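Input: a single structure, listed below in structure tokens.
What follows draws every value from the coordinates through simple rules; no lab data is involved. Given the structure is predicted, the values throughout are model-derived calculations rather than measurements. Note: ideal-geometry Cβ built from the backbone for every residue, glycine included; neighbour counts use all protein chains shown.
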Amino acid sequence: MEATAISHRYEQARFCALPRAMAYDGTEDFAAWQAAARTRLAELLCLPTAHGEATLSLEYTKDCDGYTEHRFTVETEPGYLVPCHLLLPQGASGAVPLTLCLSGHGSGMHVALGRAKDEADERSLSEWPHRAMAPRALREGRAALVIEARGFGEASITGRVPSCTETAKIALLAGRTLLGERVFDAMRILDAVLSYFPTLDSEGIVCTGNSGGGTVTYYLACLDERIAVAAPSCSICNFEFSLAAMPHCLCNHVPGIRRYFELSDLGGLIAPRALVIAAGRTDTDFPAEGTERTFEAIRALYAYAGAPRACTLVFGEGGHYNYADLLWAEIHRMGY
């Protein structure tokens, strides 16, 4: 056997043998465990420190076909401005429900808006139309909030091609994580948006995303209880079967996390709020068998929280894809 294969088998075996020191064991008060685990997760993500209120600066407002678009930036930490778009359905009465649309690896948030900047975007939206999460949220009668994740699009080093590996390396050198920065940005942007746009309903917030966007969706919902429904696609699979089993982008990784948690353990931080997971039967990045085993562990934690029906897993028959139809059907079934 080649030395590289032996080394990988050793690394995987060592990884899987780690004890998960903060996994819920069923003996302590569940709410107390959630509080302690949430604090530890925030520490592992190395969340930046908030300095005062997040500042929202409106760039433009324009009326479109059936909705009003607001383009703005939010200064989530001193000197860092996050470009955002909020699409508000026209003619809505009362508080408008909000969907937070988080992009995964790609050319930027304009894809989530359903807007192609070049032929590659046109092909992407043609082959995978469900990547246009914001227009879908509008069709569901909801406002759509789209933000540019660090390392993608306007926030990438290149301004176009994802630079998350380099951005993640810089974060690690500074004692931070790119995943933590993305979660922090989303939390701060929600603070600013809910304050600036009083027509938005702070209850019943849905957060969704595919792949890397689904990863941020999951971690954000673990830490921010304003997320009523977390709906990640093609991203929820224990480290044992995904990140530690095959190549994945550095932006998914949190140093030391497996000493305390597997990904499924973190699902207990979302309970009893709604969790809708979509996966692809032929997804090679987040394999179906691993996803099923991950979900069974999450469902056991939801049972401890007294909400076994508040989490669900749905499979599409394809690969690494944003299964919006499946997600929204389950979101509606749960009353949102």
Given a Förster distance of 41 Å, report the FRET efficiency between Asp118 and Ser195 from their Cβ-Cβ distance, rounded to the nearest 0.05.
0.70
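Using just the helices of the chain, give the 222 nm mean residue ellipticity in deg cm²/dmol: DSSP H runs with n ≥ 4 each add -39,500 (n - 2.57), and the total is spread over all residues, rounded to 500.
It lands at -11000 deg cm²/dmol.
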Distance in nm between Ala300 and Thr55 label points, each 7 Å along Cα→Cβ, equals 4.9
So for segment 78-188, using the alpha carbon gyration tensor with a ≥ b ≥ c as root eigenvalues (a/c under 1.5 gives rounded; past that, a/b versus b/c decides prolate or oblate), I'd call it oblate
With both partners inside the chain, how many of the DSSP beta bridges are antiparallel, as a percent to the nearest 5?
45
Would you mind checking which residues have amide H under 5 Å from Ile205's amide H? H placed 1.01 Å from N; only 5 or more apart, or other chain.
Ala228, Val229
Here P(r) for segment 3-333, Cα-Cα distances in 10 Å bins, as whole percents, is 6, 27, 37, 24, 6, 1, 0
Would you please give the residues with an amide H less than 5 Å from that of Gly104, counting only those at least 5 places away or on a separate chain, with H modeled from the backbone geometry?
Asn210, Gly213
Once the piece of chain linking Ser202 and Leu18 is laid out straight, how much longer is it, given 0.36 nm per residue of separation minus the C-alpha distance between them?
62.3 nm
On a C-alpha basis, how far is the centre of segment 161-212 from the centre of segment 288-336 in Å? Whole number, if you could?
22
Using Cα springs under 10 Å in a Gaussian network model of the chain, which residue among Gly212, Gly26, Gly204 shows the largest mean-square fluctuation?
Gly26
Net charge dipole size for segment 3-333 [Lys, Arg +1 and Asp, Glu -1 on Cβ; Debye, nearest 20]
400
Label segment 111-242 by shape, choosing from rounded, prolate and oblate, from the square roots a ≥ b ≥ c of the eigenvalues of the Cα gyration tensor; if a/c is under 1.5 it is rounded, and otherwise prolate applies when a/b is larger than b/c, oblate when it is not.
rounded
Contact order relative to length for segment 3-333, counting C-alpha pairs under 8 Å separated by 6 or more residues, stands in percent at 18
In whole Hz and in residue order, list the ³J(HN,Hα) couplings for segment 23-33 that follow from phi through the Karplus curve 6.51 cos²θ - 1.76 cosθ + 1.60, θ = phi - 60°; x for Gly and Pro.
5, 6, 10, x, 9, 9, 4, 5, 5, 5, 4
Per-residue HN-Hα couplings for segment 261-273 [Karplus 6.51, -1.76, 1.60; θ = phi - 60°; Hz; x = Gly/Pro]
9, 8, 4, 5, 4, 5, x, x, 7, 8, 4, x, 5
With a point put 7 Å past each Cα toward its Cβ, work out how far Glu11 is from Thr158 in nm, to one decimal.
2.4
So which GluC sites (Glu not before Pro) in segment 259-312 are both in a DSSP loop and have at most 14 other Cβ atoms within 10 Å of their Cβ?
none
